[in-house]
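These notes concern the structure reproduced below.
The values are calculated or read from the model by the stated rules, or taken from the named source; none is laboratory data. Computed from a predicted structure; not experimentally measured. Glycine also receives a Cβ, built like all others from the backbone with ideal geometry; neighbour counts cover every protein chain displayed. Accessible surface is based on the protein model in full, side chains and every heavy atom, while ligands, DNA and RNA are left aside. Shrake-Rupley method; radii C 1.70, N 1.55, O 1.52, S 1.80 Å.
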Amino acid sequence: MRTVDVIIPTFKPDKKFQMLVERLCRQTVLPAKILIMNTEQEWWEKASFDKTDLERMTDECGIYFEVHHIRQEEFDHGGTRAAAAAMSRADTLLFMTQDAMPADRYLVENLLGAFEKEENVAAVYARQLPEKDCGILEKYTREFNYGKDSLIKSAEDLPRLGIKTYFCSNVCAAYDRAVYEKLGGFIKKAIFNEDMVFAAELIRNGYKVAYEADAKVIHSHNYSGIQQFHRNFDMAVSQAQNAEIFADIPSEGEGLRLVKGTAVWLCKNGKFYLIPKLIWQSGCKYTGYLMGKNYRKLPQNLILKCSMNKKFWKNKKF
């Protein structure tokens, strides 16, 4: 069985993060190490969860628990994860976010098992199930992006799946460390999408990316339209900055398919009153995406207003 280290970037972690660690300690396959890349040490020291309890739990089940603190201005979606990966010697790197909750005891086991399903699988990402308080529109989006059927994707799927061929999510995703290092790992300066950029590199180099529907985490957000705008702006900036990967397979078609599918689902289920909200949120997403794709044409002050990740632009030439 492969060895695995879990890497979790944290910022102002709370008791939900403690529950995440507790559930990792109950997995049928235990990680060798849980490596935390925490932003802002001061918050960690006064956090509401019991840090001694975390250390006790991990110690009892033989998991090495390690915390590294960085300043907020040092955090980067790609660079911070890459720094953590360099500290691991496990066969597999499992990246999670602090709000991704294992849905059962078989998350790690099912992720690792997916590497053996086909030759050349180098990355596996988990299914994301909605939280109990998840809004109806977001719940459909979870089902659209994370269906009940597992899938293994390769370069042969580009004509059929388009941009979704490269889809991968570091909310919960595992990577073969040897291949990760061979291809140089995550880009060190990333506003967003470090997972998809690396997944694209894998596929362009003859490897495969697996979606494992039996590996499940509970994770969703109830973003407002404005938050969707900021998120999609950053997503599009990342695509514009990696044009060699994304130029030939734009995301617009997949976005339109999601909007149409959501509208049909709402009508079939008698949720007509949510159509205006769908139109508003979809408009915010598309406007953010369009502006992000063309961010080089925008003035610096407008870019900063549009971006969710304002720290990314510090000391950056516009």
* Per residue, in Å², the accessible surface of segment 222-318 once ligands and nucleic acids are set aside, probe 1.4 Å -> 59 Å²
* Which value, in Å² and to the nearest 10, is the accessible area of residue 308 when all protein chains are kept and the probe is 1.4 Å? -> 90 Å²
* Solvent accessible area, Å² - residue 88, 1.4 Å probe, full protein context -> 0 Å²
* Heavy-atom accessible area per residue, segment 43-85, 1.4 Å probe: how many Å²? -> 54 Å²
* To do: Report the calculated FRET efficiency for residue 43 and residue 104 (r = Cβ-Cβ distance, R0 = 41 Å), to the nearest 0.05.
  => 0.85
* Structure fact -> Judged on accessible area alone, 1.4 Å probe, highest first, 28, 97, 52 line up as 52, 28, 97
* Decide, for the chain, between rounded, prolate and oblate: order the square roots of the alpha carbon gyration tensor eigenvalues as a ≥ b ≥ c, take rounded if a/c falls under 1.5, and otherwise choose prolate if a/b is larger than b/c, else oblate. => rounded
* To do: Evaluate the charge dipole of segment 48-93 about its Cα centre and quote only its size in Debye, nearest 20, assuming +1 on the Cβ of each Lys and Arg and -1 on the Cβ of each Asp and Glu.
  => 140 debye
* Please give the length that would be gained between residue 86 and residue 204 if that part of the chain were fully extended, namely 0.36 nm times their separation in residues minus their C-alpha to C-alpha distance (nm, one decimal). => 40.2 nm
* Rounded to whole Å and sorted largest first, what semi-axes of the equivalent ellipsoid does the C-alpha gyration tensor of segment 147-190 yield via the square root of 5 times each eigenvalue? -> 22, 14, 12
* To do: For the chain, with all protein chains present and a 1.4 Å probe, just round the carbon and sulfur fraction of the accessible area to a whole percent.
  => 52 percent
* To do: With a/c under 1.5 counting as rounded, go ahead and sort segment 17-71 into rounded, prolate or oblate using the C-alpha gyration tensor (a ≥ b ≥ c being the square roots of the eigenvalues; past the cut-off, prolate if a/b is larger than b/c, else oblate).
  => prolate
* Please give the length that would be gained between residue 149 and residue 243 if that part of the chain were fully extended, namely 0.36 nm times their separation in residues minus their C-alpha to C-alpha distance (nm, one decimal). => 30.8 nm
* Can you tell which of 122, 161, 61 lies farthest toward the positive end of the dipole of segment 56-170, using +1 and -1 charges on the Cβ of basic and acidic side chains (Lys, Arg; Asp, Glu)? -> 161
* Structure fact -> Using the Kirkwood formula on alpha carbons, the hydrodynamic radius of segment 173-318 in angstrom works out to 17.3 Å
* Asked: For residue 305 and residue 51, what is the calculated FRET efficiency with R₀ set at 30 Å and r taken between the beta-carbons, to the nearest 0.05?
  -> 0.20
* Kirkwood hydrodynamic radius for segment 234-318: how many Å is it when counted over pairs of different Cα atoms? -> 14.6 Å
* Tell me, which longest segment in the chain has none of the GluC sites (Glu not before Pro) that fall in DSSP loops with at most 13 further Cβ atoms within 10 Å? -> 120-318
* Asked: Rank 176, 91, 59 by accessible area, highest first, at a 1.4 Å probe radius?
  -> 59, 91, 176
* Distance violations [Cα-Cα > 29 Å] among 148/268; 132/188; 51/132; 33/182 -> 132/188
* Asked: Roughly speaking, what is the centre-to-centre gap between segment 116-143 and segment 51-112 when only Cα atoms are used, to the nearest Å?
  -> 19 Å
